[in-house]
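The values are calculated or read from the model by the stated rules, or taken from the named source; none is laboratory data. Remember, predicted model here, so these are calculated numbers, not experimental data. Cβ: placed from backbone, ideal geometry, glycine included. Neighbour counts: every protein chain shown.
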Amino acid sequence: MNHNPTPFWVVIPAAGIGSRMAADRPKQYLQLGQRTILEHTLNCFLGRAGVRGIAVSLASDDPWWPGLACASDPRISRAAGGAERADSVLAGLERLAALGAADDDWVLVHDAARPNLADEDLQRLLDELGDDPVGGLLAVPAKDTLKRVGADGRVEQTVDRRPIWLAYTPQMFRLGMLRAALLGAAQAGAEVTDEASAVEWLGHRPRVVEGRADNIKITRPDDLEWLALRWDSR
Ligand code: CTP
Ligand code: MG
């Protein structure tokens, strides 16, 4: 039992439209078992000691959020989603700062579309990075053989998979560093697809913490089918 949990804040970017899922609504509002994906994702954090507050970044015209029970939870605040994921995250950080988060405070950014984050993974991330000067992310080592493929659809090279990891979330950084990284990368026009790549752009080297491969990001219909099959038998 951890009697002195690392305090942290959470940003959940949930302003995407889910184009690859091609459903009748953004994928975070699709049902998984008894609840929506977004509710399961929020529940990964709501039960934990150490959570100071959660910002969820939503599209301005989102008609689904007000219908969720957690929309009125005092621990959750709404932030304005942006055109890119990084814009949504930045808005979430500003929301947390307005709530009293300090530059030195830890922020965990976690995709709305990853409802299957295991408590043990979250705990390991906090334990391993709590004293880290930079921060880092949950990641999974590549397990398949990797091929570099040319435009003609033929293999050019087999790539050494040993140093290759897949970047998952949560990604854990201090609020001030992450805000500076995202703002700087945006001003420079650098493409950042996750928080770690913004922090790398600043010149730091985020640490990787191995996580479970089933903390998948629901992206396509078969991802949801796969998770739904496991969900009720967990
Ligand atoms: N996201 C966001 N703001 C954006 C784009 C994405 O908050 N402008 C969020 C999504 O809601 C999701 C997470 O970032 O929780 C990861 O993005 P992704 O899986 O790419 O979701 P979508 O962008 O919705 O899906 P797609 O790329 O298929 O359209
Ligand atoms: Mg996307």
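Some observations on this one:
- For the stretch 19-55, a residue qualifies if it is part of a loop (DSSP other than H, G, I, E, B), in contact (Cβ under 8 Å) with a residue 60 or more places away in the chain, within 16 Å of ligand 2 (Cβ to nearest atom) and not hydrophobic (A, V, I, L, M, F, W, C), and exactly one does: ARG20.
- Selected residue (criterion: surrounded by the fewest Cβ atoms within 10 Å (Cβ to Cβ)) from residues of the stretch 17-58 that are modelled with pLDDT under 95 and of a type outside the set (Gly, Ala, Ser): GLN34
- Flag if ALA79 is modelled with pLDDT of 95 or more and out of contact with any Gly (no Cβ under 9 Å at 6 or more places or on another chain): no
- Residue within the stretch 122-140 that is farther than 26 Å from ALA97 by Cα, surrounded by fewer than 14 Cβ atoms within 10 Å (Cβ to Cβ) and modelled with pLDDT of 95 or more present: no
- Single residue of the stretch 69-86 satisfying the filter (free of Cβ contacts under 8 Å to residues at least 24 places away in the same chain and part of a helix (DSSP H, G or I)) that is farthest from ligand 2 (Cβ to nearest atom): SER72
- Residue within the stretch 60-77 that is within 25 Å of TRP226 (Cα to Cα) and either out of contact with any helix residue (DSSP H, G or I) (no Cβ under 6 Å at 6 or more places or on another chain) or among the aliphatic types (A, V, I, L, M) (or both) present: yes
- Qualifying residues in the stretch 1-18 (those that are out of contact with any His (no Cβ under 9 Å at 6 or more places or on another chain) and β-branched (Val, Ile, Thr)) - the one nearest to ligand 2 (Cβ to nearest atom): ILE17
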